[in-house]
Amino acid sequence: MLHYTVVFLVIALISAVFGFGGIAASAAGIAKILFFVFLILTIISFLKSRS
């Protein structure tokens, strides 16, 4: 899942460089959501492995 976050972040950066503001904002938003989902799943996995 972290891989997809990086992919969308790269897409956002490339589209921002070329001036596609709408695509860049959408890709950055998706990357942010995926990062937080990854973070939450990582924390849940860590807490389950400790018990």
Problem set entry | Residues of the range 17-35 satisfying the condition of being among the aromatic types (F, W, Y) and outside any loop (DSSP other than H, G, I, E, B) | F35
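Residues checked against (1) modelled with pLDDT under 90; (2) among the aliphatic types (A, V, I, L, M); (3) touching a helix residue (DSSP H, G or I) at 6+ places or on another chain (Cβ under 7 Å); (4) assigned to a helix (DSSP H, G or I):
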{"residue": "T5", "(1), (2), (3), (4)": "yes, no, yes, yes"}
{"residue": "S15", "(1), (2), (3), (4)": "no, no, yes, yes"}
{"residue": "V37", "(1), (2), (3), (4)": "no, yes, no, yes"}
{"residue": "I40", "(1), (2), (3), (4)": "no, yes, no, yes"}
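The values are calculated or read from the model by the stated rules, or taken from the named source; none is laboratory data. Worth saying up front: this structure is predicted, and the values here are computed from it rather than measured. Neighbour counts are summed over all protein chains in view; Cβ atoms, including those assigned to glycine, are modelled from backbone coordinates with ideal geometry.
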